[in-house]
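Remarks on the structure that follows.
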Ligand SMILES: [Fe+2]
């Protein structure tokens with residue numbers, strides 16, 4: 001009997017120690033800046049996670065011990081199923097290699113299980129490059145209103161690759177709504193990770209559909225930004241990007257929101273931020289100033305569009321904006337600059353087309369392409385004269 005109990009105890013403890021773990025989504029890059037980058041992924045069990053980092057190079061990742069980065073809170077390493085690890089102290093415009101690891105933690109007993117990782121043995125380490133305001137030429141792609149149509153996402157981004165495309169911009173409504181992690185991330189992010197998002201940074205402008213669903217409250221946990229808000233700015237090469245959150249499309253009291261929406265005051269708070277942002281040194285010195293916002297402030301008369309028109313356009317009209325990219329309508333629209341509403345062009349991308357943008361010191365070229373890669377329109381913009 002004693003032997004049996006010892007064997008049973010052994011079996012149980014072996015089971016506890018062997019707690020398994022799998023990476024369920026990611027890794028993908030977020031809030032990449034000149035001196036930091038954040039890697040995000042999820043696991044099916046609680047884990048303590050870390051990123052190992054190495055400079056670019058042909059040497060083996062195992063040639064020396066590499067620094068490990070953890071997410072911490074109040075002095076403790078975070079144990080979670082969502083892993084958001086920021087690597088500080090990086091050099092501008094520099095390539096790095098990275099690998100990710102998650103060690104299962106049985107939170108009730110605080111015992112450890114297996115380790116899940118990026119494919120450290122068979123696959124080369126993943127890579128990323130930090131942003132660089134001094135980079136003379138950059139390229140990026142804009143997608144919006146995918147609404148979980150993974151086939152379109154694949155067709156529109158199959159040329160997005162590390163080393164060829166600097167950034168990917170998701171301009172809202174990538175999912176229909178956000179009910180839970182699995183439904184949300186499998187709507188577009190799993191395919192993005194497969195294609196590019198582990199190595200090409202994604203910058204997200206929230207769409208009105210990403211404000212919907214119970215799990216939408218956690219959107220910013222999965223897509224963190226450099227200022228903790230869903231409106232933010234960043235600089236890469238000659239372009240200063242302003243990412244705005246246009247919020248919901250109907251009045252806050254609409255029955256669709258069940259009394260939970262408060263976007264009028266949110267957009268007013270954002271207006272105050274924008275006023276300060278437009279005085280930033282980076283924006284004032286940038287040859288190109290590009291605004292990313294989901295709901296176009298022209299051509300529509302729903303409340304959300306009218307509110308962003310009233311609150312943001314008077315400020316943007318004083319800032320020498322090169323172009324604003326929008327989505328939401330699912331069809332292509334182009335609004336020329338005018339003296340009444342907006343003194344810069346507004347390009348509304350369709351749901352099934354991409355914008356491929358290349359920027360040099362002399363010009364910004366934008367090509368709108370369909371799922372077959374056929375060019376539908378092209379535009380040239382020039383840098384702001386100082
Ligand atoms: Fe939308």
I'd like to compare 208-217, 30-39, 370-379, 84-93: which one has the highest average count of other Cβ atoms within 10 Å, and what's the full order after that? 30-39, 208-217, 84-93, 370-379
What shape does the range 138-381 have by the C-alpha gyration tensor, where a ≥ b ≥ c are the square roots of the eigenvalues, rounded means a/c under 1.5, and otherwise prolate means a/b greater than b/c and oblate the rest? rounded
Working from Cα positions, state the angle (0 to 90°, nearest 10) between the long axis of helix 263-277 and the longest principal axis of the chain. 80 degrees
Relative contact order for the chain using alpha-carbon pairs under 8 Å, separation at least 6, rounded to a whole percent? 14 percent
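Would you mind ranking 235, 97 so that the residue whose beta carbon has the fewest other beta carbons within 10 Å leads the list? Mind dumping the intermediate values first?
On the way: 235 21, 97 18.
So the ranking, lowest neighbour count to highest, is 97, 235.
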Likely footprinting exposure, 239, 115, fewest C-beta neighbours within 10 Å first: 115, 239
Convex hull of Cα atoms in the range 14-129, direction-averaged projection (nm²): 7.9 nm²
Using a ≥ b ≥ c from the Cα gyration tensor of the range 308-364 (square roots of the eigenvalues), is it rounded, prolate or oblate, where a/c under 1.5 gives rounded and otherwise the larger of a/b and b/c decides, a/b for prolate? oblate
What is the pair-distance distribution P(r) of the range 140-273, computed from all Cα-Cα distances in 10 Å bins starting at 0, with each bin given as a whole percent? 12, 41, 35, 11, 1
Tell me what the chain gives for mean residue ellipticity at 222 nm when only DSSP H runs of n ≥ 4 count, each as -39,500 (n - 2.57), the sum divided by the residue total, rounded to 500 deg cm²/dmol. -5500 deg cm²/dmol
I want the antiparallel fraction of DSSP beta bridges within the chain, as a percent rounded to 5. 75 percent
Crossing angle, helix 181-192 versus the chain [Cα axis fit, 0-90 degrees, rounded to tens]: 70 degrees
Is the C-alpha gyration tensor of the range 265-365 telling us rounded, prolate or oblate? Criteria: a/c under 1.5 is rounded; beyond that, a/b larger than b/c is prolate, otherwise oblate. oblate
For the chain, find the longest principal axis of its Cα atoms and tell me its angle to the long axis of helix 303-316, 0 to 90°, nearest 10. 70 degrees
Once you have the Cα-Cα distance between residue 183 and residue 318, take 0.36 nm times their residue separation minus that, and quote the gain in nm to one decimal. 44.5 nm
What's the exposure ranking of 302, 50, going from fewest to most Cβ atoms within 10 Å? 302, 50
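Throughout, read-outs are computed from the coordinates displayed, never taken from laboratory work. Quantities reported herein were computed from a predicted structural model and do not represent experimental measurements. All Cβ positions, glycine included, derive from the backbone under ideal geometry; neighbour counts span all protein chains shown.
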